[in-house]
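The values are calculated or read from the model by the stated rules, or taken from the named source; none is laboratory data. Everything numeric in this text was worked out from a predicted model, so none of it was measured. Don't worry about glycine lacking a Cβ; one is built from the backbone with ideal geometry, like all the others, and counts go over all protein chains shown. Only protein heavy atoms, including side chains, enter the accessible area calculation; ligands, DNA and RNA are left aside. Shrake-Rupley method; radii C 1.70, N 1.55, O 1.52, S 1.80 Å.
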Amino acid sequence: MRICALMRRWWASTSLSIPDLEKREVAFESQRPGNFIRHLRFDGEEALRQTLNERCAVSLYYSVTKQVGNRIIRDLIIDVDVKGDDWKASVELALEEIKLLYETVEREFGLKGIVNFSGLKGFHLRYNVNEDSPWAIMTKRGYERLAAYLSSLPTLQYNIRGRVVDICRLHPTGSCYRAALQLQFRYVDTLVLTREEGLIRALRSINPKSGLAAVPLDTLDIDVDILIDRASPIKEEYDVTLKEKVKIPWGREIGPGRVSVNYHELLYLLLHGFL
């Protein structure tokens, strides 16, 4: 299959940066979006890369929890996703929100995270929690209170302080004086924030919905066009024939007829059945 050859090239050339890989569940979509293979464990990057090539993986995920001895430790993951017809405008809105979240969590809780583009319209703010961190003892109820703190639901504005009391104990100054910030966040996926089990897209994994890669941001002051360029690093051109006009989510309209597409546009066309 052509998609397998394209993905083998991708996995051979990209870094598989999963923190504490051997302590986590790994999953991937094989050959097509939605065909998940889950509950896998790997001792190292090379074993993982070999499996991705053999099974024609089109995307890669890992669990938000990890096994450390007899303990299950959950990373802090904040997902911001904006749904809208205008792709560029949605990404710009999500980027503004993730900037505010990054600054708020650093200021309120003293944590520095990693932000990555999801490959479609959103961003992930990730905090790798180690066993010595006070966040390692966080329960589901604690994360629900954090979600309430970050939620935009107006029904929470009167009882918000009572609901974040456990989170406040993790605050370096012992106070959550900016509880009113809950009115500023509109696009936080609270399900991702509060669920006890779950998967997150690995860095440099292809997003099948777009054909773009999930990439880390070294700065939050980034232009969307530059972001697209970083998420589509392979620039080679391929000639294809389309029977209908196709709108690439992050770019141009192409076809019908004979057109030239780059590697990531070709992935999108193959994964969505246009070829």
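Annotation: of all residues in region 231-252 being β-branched (Val, Ile, Thr) and more than 25 Å from the chain's Cα centre (by Cα), the one that is surrounded by the most Cβ atoms within 10 Å (Cβ to Cβ) is Val246. Screening region 2-21 for residues that are of a type outside the set (Ser, Thr, Tyr) and surrounded by fewer than 13 Cβ atoms within 10 Å (Cβ to Cβ) and picking the one that is nearest to the chain's Cα centre (by Cα) gives Ala12.
I need every pair where a residue in region 61-73 that is closer than 22 Å to Leu191 by Cα and open to solvent by less than 80 Å² (accessible area, probe 1.4 Å) has its Cβ under 8 Å from the Cβ of a residue that is among the hydrophobic types (A, V, I, L, M, F, W, C) and in a loop (DSSP other than H, G, I, E, B), sequence separation at least 6 or different chains. Note: pairs meeting the criteria are Tyr61/Ala202; Tyr62/Ile18; Tyr62/Ala202; Ile73/Val129.
Of all residues in region 143-163, those satisfying the criterion of being open to solvent by less than 60 Å² (accessible area, probe 1.4 Å), part of a helix (DSSP H, G or I) and at pLDDT below 75 are Ala148, Tyr149, Leu150, Leu156, Ile160, Gly162.
Step by step: first the residues of region 82-117, then only those that are open to solvent by less than 60 Å² (accessible area, probe 1.4 Å) and acidic (Asp, Glu), then the one that is modelled with the highest pLDDT. Which residue is that? Restricting to residues being open to solvent by less than 60 Å² (accessible area, probe 1.4 Å) and acidic (Asp, Glu), the top hit is Glu97.
Within region 124-142, identify whether any single residue is at pLDDT below 80 and open to solvent by less than 10 Å² (accessible area, probe 1.4 Å), and answer yes or no. No, that holds for no residue.
Sub-6 Å Cβ pairs linking a first residue in region 198-218 that is over 11 Å from Val58 (Cα atoms) to a second residue that is assigned to a strand (DSSP E or B) and among the basic types (Lys, Arg), at least 6 apart or interchain, are Ala214/Arg201, ordered by first then second residue.
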